[in-house]
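Below you'll find the structure, written out as structure tokens, and then a few comments.
The values are calculated or read from the model by the stated rules, or taken from the named source; none is laboratory data. Computed from a prediction, not measured in an experiment: that's the story for all the values here. Cβ coordinates were reconstructed from backbone atoms using ideal geometry, including for glycine residues, and neighbour counts include every protein chain displayed.
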Amino acid sequence: TSGIGADKVALSVTASDVRLGMQASALTQAVLDHLHYSVGRLPSVASPHDYYRALALAIRDRMEYRWINTTQTYFDLNRKVACYLSAEFLMGPHLGNNLVNLHIEQEARNALATLGHDLDDILACEKEPGLGNGGLGRLAACYLDSLATLQCPAVGYGIRYEFGIFEQEIRDGWQTEITDKWLRRGNPWEIAKPDTFYYVNWGGHTEHYQDEVGCQRVRWIPDRMVKGVAYDTPIQGYGVNTCNTLRLWSAEAVESFDFQAFNVGDYYQAVNEKLVSETVTKVLYPNDEPASGKRLRLAQQYFFVTCSLQDMLHLLELAHAPVETFAERFAVQLNDTHPSIGVAELMRLLVDERRFDWDAAWAITVASFGYTNHTLLPEALETWPLPMFAELLPRHLEIIYEINRRFLDEVRTRFPDDEARVARMSLIGEEGDKRVRMAHLATVGSHAINGVAALHTELLQASILKDFHELWPERFSNKTNGVTPRRFLALSNPGLRELLDHTLGQQWLTEPGLLRKLDAHADKDAFQHDWYAIKLGNKQRLSSYIHAQTGIEIDPGWLFDIQVKRIHEYKRQHLNILHIVTMYRRLKENPALVLPPRAFIFGGKAAPGYFMAKRIIKLINAVAETINADPDVNTRMKVAFIPNFNVQNAHLIYPAADLSEQISTAGKEASGTGNMKFMLNGALTIGTLDGANVEIREEVGADNFFLFGLSAAEVESVKRTGYRPHDYVAGNDELRAVLELIGAGHFSQGDAEVFRPLVDNLTHDDPFLVLADYAAYIACQEQVNSAWQDVPNWTRMSILNTARSGKFSSDRAITEYCEDIWNIRPVTVKA
Ligand code: GPV
């Protein structure tokens, strides 16, 4: 048999074994059964989407036994569990990934063929759960894949948003946002657990009282309440029986309520309160990086965090384990500060509800939590205005004051007579309006704090958490991000997967260090030939997709230069555009110029309220329209903006790239993970020394990486000594001409207003030093052009990129978290 462990069924399983068969014939039967019993459609009239649902349910059935068995194994063995708390999980389509991880793609393909369908058409029917904005949410998803694959006991805890990240459409070059009704046709992957729910309170006030034994205690008398109900999704590991759980909480109104406010208030007001409470999990905030600052966002954070912590306490109870052992049973990781209210909430649960004394509760809290920081951008650091915080979570504010009082005493003892330091480190910011600083709460409440790339961790320790690093250096470490090679190579680049399997054996998927063996093939003609053909095929595939989506035709033989990521000024999509316009001008002025043809491809969403980012999208599309329609240039350059960049179309994009654009202002991109996905798929990087680019360059070697631009230290020193972008304009005729062309409306039918704010911002302010790096970027792109013309050498460098990408597997990252922070060991789940 080809399935893993498909042959044996334990006696304790009572479900019928017809749901376990992994052969094509069993899958065919299962799809027909689900079409009949679950979807309720005759095969003859069933749509591809009906087949998708039937197949998805058939595959879920095949994970169910492993899933239940996994949970049971952790429970029986009393194993410590990693609880990954994240406001976002950007999972991507489940079906294809589950087929890869269960090793039954071919069987599923054959089964569908028998039924007259092509697996790829069926896979395309899945509407991905877009429960995240970008890198942070996708990282959480990669980590779940690795935890399951490494057989580590783990649960992902998050929010079941009814509306995920908006769908982006491009109209007249502008982004428009369409609501993401991802649940409209149901979700075959989740199982609702209506009996697993917890109550969540808000508002009201606190009362101090003496308990029976004379202890001072606090009661929180909330005035609103909502229920959090669990929805579970299986996370199947690759090639193992482990199938972990992603548990997402959904808000529901409580059936009955007997709060005072409801008794004395009028009925309609009470019903309205119920409606309001159910909006808690309605929608994902679409702001990536800048903190949103909205009350509902804080409510979402508290909602999912208290449900998750109550769930852990409940599990302890089920295991008859004392609450004192909490930190031995759970490692609770905070994915950025979004879940950091958990520090105060665990204290409340232990001190107020379980009557722990403060010091014992605090020891458990600190031993349980770890905090991962994902940004240094000041505007992205979460702080909450005191009045809002006090209104929503009055008891938590008191607890935070008490944590702060004790913490600042410790600071004063360690650093006497340094009140400036005390003010800097306080959990309450007092500059301007008073605010709760969530990064400080997360740091003080955690035994381990980490950044997401070597440079980022260094800068973290030297800047925003400098004082904390001086106090507790032993709590800090680096955990460079990683991505899963299952989804981002095996699933999305089947051609390359086959070549790797054939060349290295299949073990590279779990031991990506084996990719290094490709070094030995990098110079071989025949191997290069195969490699090139696979890349070309992937470029053909993307080219068709782009044509279908945008009408733009791109020759797959051209250099594919790709920048896909959220649109943000610090990521500098506009620097890329300045290069494109520079080349456009050169071609217009000198038609004989020799320039290898290039396709400039973009994708990414802008936060709906982010003025500059939306204008950058408009500019990309405006430049695209002009260039693509101009016969003087369009035989040598084209520009395309792929609408609605998401995990699903990312599967087509990364494998088709020749050149990966990683051009953020040094010091601003914490890590980046797209950079790793491109490298894994054999793209060369043009990039700054920022985030994980530094480590990518170290791994692949300086000769195989196009480096340009100021370093983080240089950026800081330029800013310190007074950056004057206008000097760069004055000193560079070509740059000046490019900016004038854009500003004067050359790409906007003479409209000199639309791009004025962008050009003005660059020439007068340029907070991300686009102009300071412009000349270096252009020069570096010229090196790219010469390198591209030497096909064998480019192919060699492409091979070396994949060969040396092993470090950036999320398996490596998760192994480090398990060993250094969580103290979690793998456990084999038996078949
Ligand atoms: I904070 N990141 C994100 O996607 N959203 C956020 O709200 C925050 C950070 C990203 C960083 O920008 C990337 O550099 C990083 O690779 C990613 O988080 C995962 O660590």
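Looking at Ile403, Ile399, which one is buried (at least 20 other Cβ atoms within 10 Å of the Cβ) and in contact (Cβ under 8 Å) with a residue 60 or more places away in the chain? Quick ask: steps written out before the conclusion?
Details: Ile399 fails: in contact (Cβ under 8 Å) with a residue 60 or more places away in the chain.
None of the others qualify; the one that does is Ile403.
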Members of the stretch 264-299 that are assigned to a helix (DSSP H, G or I), in contact with a Phe, Trp or Tyr (Cβ under 9 Å, 6 or more places away or on another chain) and at pLDDT below 90 | Gln269, Ala270, Glu273, Lys274, Ser277
Hey, could you check the stretch 350-372 for residues that are assigned to a helix (DSSP H, G or I) and small (Gly, Ala, Ser) and say which is farthest from the chain's Cα centre (by Cα)?
-> Ala360
For the stretch 624-679 the number of residues that are among the basic types (Lys, Arg), more than 18 Å from the chain's Cα centre (by Cα) and either within 30 Å of Leu131 (Cα to Cα) or outside any loop (DSSP other than H, G, I, E, B) (or both) is 1
Determine, yes or no, whether Val226 is β-branched (Val, Ile, Thr), buried (at least 19 other Cβ atoms within 10 Å of the Cβ), more than 16 Å from the ligand (Cβ to nearest atom) and assigned by TED's automatic domain parsing to the domain that holds Leu334.
-> yes
Selection from the stretch 193-228 of residues hydrophobic (A, V, I, L, M, F, W, C) and part of a loop (DSSP other than H, G, I, E, B) yields Val213, Cys215
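What do you reckon, is Gln106 in a helix (DSSP H, G or I) and free of Cβ contacts under 8 Å to residues at least 24 places away in the same chain? Show your work before the answer.
Details: in a helix (DSSP H, G or I): yes; free of Cβ contacts under 8 Å to residues at least 24 places away in the same chain: no.
Here the answer is no, as Gln106 does not meet what is asked.
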Those helices (runs of 4 or more DSSP H) lying entirely in the stretch 381-493 with at least 2 residues among the basic types (Lys, Arg) and at pLDDT 95 or above | 394-414, 419-425
Expected output for the stretch 660-681 (first residue among the basic types (Lys, Arg), partner assigned to a loop (DSSP other than H, G, I, E, B) and within 11 Å of the ligand (Cβ to nearest atom), Cβ below 8 Å, 6+ apart or cross-chain) is Lys668/Leu376; Lys668/Leu377; Lys668/Asp690
Please determine, by comparing only the residues of the stretch 564-610 that are aromatic (Phe, Trp, Tyr) and touching a Phe, Trp or Tyr at 6+ places or on another chain (Cβ under 8 Å), which one is nearest to the ligand (Cβ to nearest atom).
-> Tyr570
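Residues that are outside any loop (DSSP other than H, G, I, E, B), within 16 Å of the ligand (Cβ to nearest atom) and crowded, with 16+ Cβ neighbours inside 10 Å: does the stretch 702-714 have at least one?
Taking the stretch 702-714 as the starting set, the residues that turn out to be outside any loop (DSSP other than H, G, I, E, B) are 702-704, 706-707, 712-714.
Add one more test, that the residue is within 16 Å of the ligand (Cβ to nearest atom), and what stays is 712.
With crowded, with 16+ Cβ neighbours inside 10 Å added as a condition, the list becomes 712.
Checked the stretch 702-714: at least one residue is outside any loop (DSSP other than H, G, I, E, B), within 16 Å of the ligand (Cβ to nearest atom) and crowded, with 16+ Cβ neighbours inside 10 Å.
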Those residues of the stretch 298-325 which are within 10 Å of Tyr198 (Cβ to Cβ) and surrounded by 14 or more Cβ atoms within 10 Å (Cβ to Cβ) amount to Phe303, Thr306, Cys307, Ser308, Leu309, Gln310, Asp311, Leu313
Determine whether Gln563 is polar (S, T, N, Q), buried (at least 21 other Cβ atoms within 10 Å of the Cβ) and touching a residue at least 60 places away in the same chain (Cβ under 8 Å).
-> yes
Index of the failed condition, Arg697 passing every other in (1) more than 20 Å from the chain's Cα centre (by Cα); (2) more than 15 Å from Lys565 (Cα to Cα); (3) in contact (Cβ under 8 Å) with a residue 60 or more places away in the chain = (3)
Taking only pairs six or more apart or across chains, which ones have beta-carbon atoms under 6 Å, a first residue in the stretch 130-144 that is not assigned by TED's automatic domain parsing to the domain that holds Gly604, and a second residue that is modelled with pLDDT under 95 and within 7 Å of the ligand (Cβ to nearest atom)?
-> Asn133/Asp288; Gly134/Asp288
Inspect the stretch 429-443 for any residue being crowded, with 16+ Cβ neighbours inside 10 Å, more than 30 Å from Met388 (Cα to Cα) and not assigned by TED's automatic domain parsing to the domain that holds Arg697 and give the result as yes or no.
-> no
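Being within 30 Å of Ile221 (Cβ to Cβ) and not basic (Lys, Arg) narrows it down to one of Glu410, Glu391, Glu431, so name that one. Show your work before the answer.
Numbers: Glu410 fails: within 30 Å of Ile221 (Cβ to Cβ); Glu431 fails: within 30 Å of Ile221 (Cβ to Cβ).
Within the list Glu410, Glu391, Glu431, the selection yields Glu391.
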Give the residues of the stretch 649-669 that are within 13 Å of the ligand (Cβ to nearest atom) and either under 19 Å from Thr484 (Cα atoms) or of a type in the set (Lys, Arg) (or both), sorted by residue number.
-> Lys668
Regarding Tyr302, is this residue more than 16 Å from the ligand (Cβ to nearest atom), of a type in the set (Ser, Thr, Tyr) and outside the structural domain of Val229 (by TED's automatic domain parsing)?
-> no
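Here is a check on your reading of the model: is Ala439 within 16 Å of the ligand (Cβ to nearest atom), touching a helix residue (DSSP H, G or I) at 6+ places or on another chain (Cβ under 7 Å) and hydrophobic (A, V, I, L, M, F, W, C)?
When the stated conditions are applied, Ala439 does not pass them.
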For the stretch 413-441, pairs from a residue that is over 18 Å from Arg475 (Cα atoms) to a residue that is surrounded by 13 or more Cβ atoms within 10 Å (Cβ to Cβ) and at pLDDT below 95, with Cβ under 8 Å and 6 or more apart or across chains, are Arg437/Leu381
Give Leu112, Leu139, Leu99 a once-over and let me know the one that is assigned to a helix (DSSP H, G or I) and in contact with an Asp or Glu (Cβ under 6 Å, 6 or more places away or on another chain).
-> Leu99
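Quickly run through the stretch 197-234 and pick out the residues that are of a type in the set (Phe, Trp, Tyr) and within 30 Å of Glu128 (Cα to Cα).
Pass one, the stretch 197-234, residues of a type in the set (Phe, Trp, Tyr): 197-199, 202, 209, 220, 231.
Within the stretch 197-234, Phe197, Tyr198, Tyr199, Tyr231 qualify.
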Reported set for the stretch 159-183 where residues are free of Cβ contacts under 8 Å to residues at least 40 places away in the same chain and not β-branched (Val, Ile, Thr) is Arg171, Asp172, Lys181, Leu183
Within the stretch 55-67, identify whether any single residue is within 16 Å of the ligand (Cβ to nearest atom) and under 30 Å from Tyr302 (Cβ atoms), and answer yes or no.
-> no
Since His529 meets every condition but one in (1) under 19 Å from Gly237 (Cα atoms); (2) free of Cβ contacts under 8 Å to residues at least 24 places away in the same chain, which condition does it not meet?
-> (1)
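Examine the stretch 174-181 for a residue that is of a type in the set (Ser, Thr, Tyr) and under 26 Å from the mean Cα position of the chain (by Cα), and state whether such a residue exists.
Here is the first cut: in the stretch 174-181, the residues of a type in the set (Ser, Thr, Tyr) are 176, 179.
Going one step further and asking which of them are under 26 Å from the mean Cα position of the chain (by Cα), we end up with 176, 179.
Yes: the stretch 174-181 contains one or more residues that are of a type in the set (Ser, Thr, Tyr) and under 26 Å from the mean Cα position of the chain (by Cα).
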Only one of these conditions is not met by Ser717: (1) away from the ligand (no atom under 16 Å from the Cβ); (2) hydroxyl-bearing (Ser, Thr, Tyr); (3) under 26 Å from Leu536 (Cα atoms). Which number is it?
-> (3)
Could you list all residues from the stretch 570-587 that are part of a helix (DSSP H, G or I) and under 14 Å from Glu661 (Cα atoms)?
-> Tyr570, Lys571, Gln573, His574, Leu575, Asn576, Ile577, Leu578, His579, Ile580
